[in-house]
């Protein structure tokens, strides 16, 4: 490979001072022009000391014969650009290269080609602005203002350069049946330098030739230009640089066009294109619409998906960083692969055809095959380092890839098989799979929690409520908008993001890494949900939530507490279950302190205790004053029978000859202060103790000593502590120096959990 030095024929005509001025001018051109508007390279004043323009250099014969290329430039009406009307970089194929190209395409001469095709091909060899070898090896959008250290950052990854090649506007039909003119932006040309592959940490030759099997990597000290090798770098002209190449550079098409033209990917293409829509572009319309005889020009986008139909990642001419670096990599499954996946995934979930599958599920399905923002080469696939557009690991087995195509806006891979996408293999996979899980899918999608539930850094158990359970809870599903609505004062309206988060949290539990993410089929177990201080209680293959569990305290409640469940997914990060509750699980927002303060129904299991609290003047304005303002609390409450028996035996300090009459009225003699201090013994508050969890078997509320709300009765003597014991199969509590009491087994040692506190019933008094 020969790297040309400046034209010595010209140097001889210039003194050293003039030559220095010329070199500084050419080296500064890329930097100057990146700060200019798009139109500034069309007209500029040529310094009088500069010699031959690009047309003259190529016509001279000094660097080879380029007659066919130059004829193409004339046909395409680009000659004035090369003569000095524009500052350019030329990738020039010689006559031998062009003759081979014409033969391959079936043309006897370039004059036989349609003018539009000539313009498309020739324009792809003419770059905006002036770039020498150094600038193309490591193009910097910020220009030459960066430090040497900064220039090493992402070196070579700004690999695309704007050319003069574009397709003519096309007239297409929008969803409303109206004709619209779609404007096609100019193609960008990929320049793959050795720095590009160095930065990626992959082998240049094998990865380049994987996309260009009929080309050879020769850029170890420079670059290849798409499918072409460079024969001679950096020939200087007065309006730019010329790099000669060994073949005609094939104009690349968009990923969209390549997909559209391959029938074996038609299902994937149709799914992708079902999200397509036309957008009026005001900027393009102002600049070009009149020249095409229309008022408005349009661009074609895909809602929620990369705009693979657009040549540019952004229509902003000045965003060089995005324009030169950003690309997409699409891994398109074949029709056979998609059909096979439907049969083993969506058909099992209750869908009868691909057309029935929920659009949101399809959207996430497409996400699994897209790597956004950058070009992916074969050696980067299957390393576990790539994430799909959904934020999940890109689960692509390199062995499944059947072909690859370089495109103007990225890379297209073809696959004959689908390995379960990471999202669908995760604990939330059933939300995308089951037709009747769409309501929960909409809740998750609108909760901003999606990324948490696909992560393999955590384990989850997820309960999947059905649309019927949403309906029973007063939340209707609007499939046309993928919305969840509730009735309010002004009619039906979309529930809030926080409400959607709460639904997701109440139906999921984060499982410690050392535990199994399974709901037990026998025995009992408590699971803290993702909604703080709300729990699942599991008993012998059935499940309930703490708010529903608390309902059994209400004498009027006659519903079902526990419901059966069935596993539907062993996911990569946990398990998913359907459950047969009549409605959604809800948060317990009741105020336990208030409930104790106002209790007046002797059918409540804590009635007798509540009456003692009232006698002790611990209730004021419907507030339980001994825990008021002291944060979260845990209470151990003797049963009604235990208190009745203790009163009979005068075992409750501060209550003498006390009893409950037939109507439930408490009578007797009471020492209010003494009784109040005694009752405080049954309360543990956050003001004096750490309460990491409510107490239950195996909870983070560990066996040990805790301070109650009891105060000292003798100066200088600390009040006795509460001794709590989790025995693995039962729970007990003891006031130091008093008898041990046991949590009753009636409620399976599950706590009655509320937002501000919880309680257990115990079988005796202290």
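The values are calculated or read from the model by the stated rules, or taken from the named source; none is laboratory data. It should be emphasised that the depicted structure is a prediction, and the values quoted were computed from it without experimental measurement. Note that each Cβ is placed from the backbone with ideal geometry, even for glycine, and that neighbours are counted across all protein chains shown.
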Of all residues in the range 454-468, how many are crowded, with 23+ Cβ neighbours inside 10 Å and modelled with pLDDT of 95 or more? 5
If residue 379 passes every condition in (1) surrounded by fewer than 23 Cβ atoms within 10 Å (Cβ to Cβ); (2) closer than 30 Å to residue 485 by Cβ but one, which one does it miss? (2)
Could you check residue 209 against (1) without any contact (Cβ under 8 Å) to a residue 12 or more places away in the chain; (2) closer than 22 Å to residue 101 by Cα; (3) part of a loop (DSSP other than H, G, I, E, B) and say which number it fails? (3)
For the range 166-200, what are the residues that are in contact with a helix residue (DSSP H, G or I) (Cβ under 9 Å, 6 or more places away or on another chain), closer than 23 Å to residue 133 by Cβ and surrounded by fewer than 17 Cβ atoms within 10 Å (Cβ to Cβ)? 198
Being over 21 Å from residue 441 (Cα atoms), outside any strand (DSSP E or B), in contact (Cβ under 8 Å) with a residue 60 or more places away in the chain and touching a helix residue (DSSP H, G or I) at 6+ places or on another chain (Cβ under 8 Å), is that true of even one residue in the range 570-587? no
Counting just the residues of the range 524-551 that are free of Cβ contacts under 8 Å to residues at least 24 places away in the same chain and out of contact with any strand residue (DSSP E or B) (no Cβ under 8 Å at 6 or more places or on another chain), which one comes out surrounded by the fewest Cβ atoms within 10 Å (Cβ to Cβ)? 532
Of all residues making up the range 395-422, the number that are part of a strand (DSSP E or B) and either surrounded by 22 or more Cβ atoms within 10 Å (Cβ to Cβ) or touching a helix residue (DSSP H, G or I) at 6+ places or on another chain (Cβ under 8 Å) (or both): 11
Return yes when residue 721 is modelled with pLDDT of 95 or more, over 44 Å from the mean Cα position of the chain (by Cα) and within 18 Å of residue 630 (Cβ to Cβ) and no when it is not. yes
